[in-house]
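Notes follow the structure.
The values are calculated or read from the model by the stated rules, or taken from the named source; none is laboratory data. Computed from a prediction, not measured in an experiment: that's the story for all the values here. Reconstructed Cβ throughout: ideal geometry from the backbone, glycine too, with neighbour counts over all protein chains shown. Note: accessible area is taken over every heavy atom of the protein model, side chains too, but ligands, DNA and RNA are not part of it. Shrake-Rupley method; radii C 1.70, N 1.55, O 1.52, S 1.80 Å.
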Amino acid sequence: MPTLLAASAVVSPPRRPFDDSPGTLSYYRDLVGPFGLDVDEELLRSAPHVRHQDLLDLLADADGVRDFAPDLVVVAHALPDLTPFTAIAPYLDHLLGGGSVNFGVHQQGLAAPFTALRAVSAFQRGRRSERAVLAVLEQTTLPTRFPLVHDHGLVDSGVLLALGTDGGPRVTGVETVAAARGPAGRLRELTAADPAGTLLVTGPWVDRAALGEPASATYHCDPGTYCTGVWLALARHWRAWRADHSTVVLCDTDPRSGDTHLAVLRSDGGPAAGEEER
């Protein structure tokens, strides 16, 4: 199962100017017109215009990442790029030396990075990867108003995780809890074995009231992101968390589907008895 060896994060990088060429506006009109939507030029002009490429340029240049030389690159995002249909996974592969298997995971909402982590684990089990990079990207410039972005003040952000097969906190489980069930019961199960040694990390979209009073220590992510929230927290704090907690549970709920997604990392060398990836 994947182990975390290094990480980088970026939030609200420098804005870029709006490309007001007729060709750009025509492209956006062709993109949204079939859905009965109009391009909001005022919205576009006031947006930050940070591309996935810009996020990756910053993420891939971080210490511990720039020389990682992965054999697998996976890029996950829940919102489209500023210029959709661009092949961004090969671009990240190029930044990190080239030659890796690379692909993207998208159109899954907040689940995308969790699915990507499952994919990395599957490549490892098949002996097809030993050094993987997972990038989670979120850019907020859109040609039409989207309530999820514009009503919640989302900002551009990105995370890059360098993953190996040993030497760091180990991902021992990735799973989804359906909206109809709710996550409270499953989280109690995950923390019951060692509540004192477990840290529960809740994303911006988790209904904290529905969780009740957690038995373990809890870290609540700040609002302002859609799919990057818990991954930003992990990238910033994983070394300190590793020193203080044997288990870290990442938890966030997709506001569109209501499904909750979980990832468990352990620093004790392996999963708890009877636990397996779901």
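When ligands, DNA and RNA are left out and all protein chains stay put, how many square angstrom of accessible area per residue does segment 155-278 have with a 1.4 Å probe?
For segment 155-278, the per-residue accessible area is 41 Å².
Asp259's amide H: which non-local residues (gap 5+, or another chain) put their own amide H closer than 5 Å, with H modeled 1.01 Å from N in plane and none for Pro or chain starts?
Here Ala179, Asp254 satisfy the definition.
Report relative contact order for segment 99-210 in percent, whole number only (criteria: Cα-Cα under 8 Å, sequence separation at least 6). Display every interim value, and only then the final one.
Numbers: 59 pairs, mean separation 23.4, N = 112.
Answer for segment 99-210 is 21 percent.
What is the extension gain from Asp194 to Asp207, computed as 0.36 nm multiplied by their sequence separation minus the C-alpha to C-alpha distance, in nm to one decimal?
Working it through step by step, the gained length comes to 2.4 nm.
Which percentage, to the nearest 5, of the DSSP beta bridges contained in the chain is antiparallel?
The antiparallel fraction comes to roughly 60 percent.
Please calculate the 1.4 Å probe accessible area of Glu189, with all protein chains present, and give it to the nearest 10 Å².
100
Over segment 86-126, give the accessible area per residue in Å² for a 1.4 Å probe, as an integer.
On a per-residue basis, segment 86-126 sits at 43 Å².
Identify which of Phe18, Phe123, Phe103 has the largest mean-square fluctuation in a Gaussian network model of the chain, with springs joining Cα atoms closer than 10 Å.
Phe18
Once the other residues with Cβ under 11 Å from the Cβ of Gln53 are scored (Lys, Arg +1; Asp, Glu -1), what is the net sum?
Details: positive: Arg16, Arg51; negative: Asp54, Asp57, Asp81.
Charge balance in the 11 Å sphere: -1.
Post the alpha-carbon centroid distance, segment 196-263 to segment 94-110, in whole angstrom.
Between the Cα centre of segment 196-263 and that of segment 94-110, the gap is 24 Å.
When the helices in the chain are scored as -39500 (n - 2.57) per DSSP H run of 4 or longer and the sum is shared across all residues, what 222 nm value do you end up with, to the nearest 500 deg cm²/dmol? Mind showing how you got there, number by number?
Details: 9 runs with 80 residues, N = 278.
Calculated from helices alone, the mean residue ellipticity at 222 nm is -8000 deg cm²/dmol.
Taking the Cα centre of segment 122-254 as origin, sum charge times position over the Cβ atoms of Lys and Arg (+1) and Asp and Glu (-1), and report the length of that vector in debye to the nearest 20.
Using Cβ point charges on Lys, Arg, Asp and Glu, segment 122-254 gives about 460 debye.
Of Arg266, Arg29, which has the most accessible area with a 1.4 Å probe, and how do the rest follow in descending order?
Arg29, Arg266
Over the heavy atoms of Thr24, what accessible area does a 1.4 Å probe trace out, to the nearest 10 Å²?
Here the accessible area works out near 30 Å².
In a GNM of the chain with a 10 Å cut-off on Cα contacts, which of Ala193, Ala215, Ala62 has the highest mean-square fluctuation?
Result: Ala193 has the largest fluctuation of those listed.
State the label only: which of (1) 1.28; (2) 1.15; (3) 1.01 corresponds to Cα Rg over 2.2 N^0.38 Å computed from the shown model?
Computed from the coordinates, Cα Rg over 2.2 N^0.38 Å corresponds to (3).
Keeping the other protein chains in place, figure out the carbon and sulfur percent of the accessible area of the chain, with a 1.4 Å probe.
Carbon-and-sulfur percentage of accessible area, whole number: 50.
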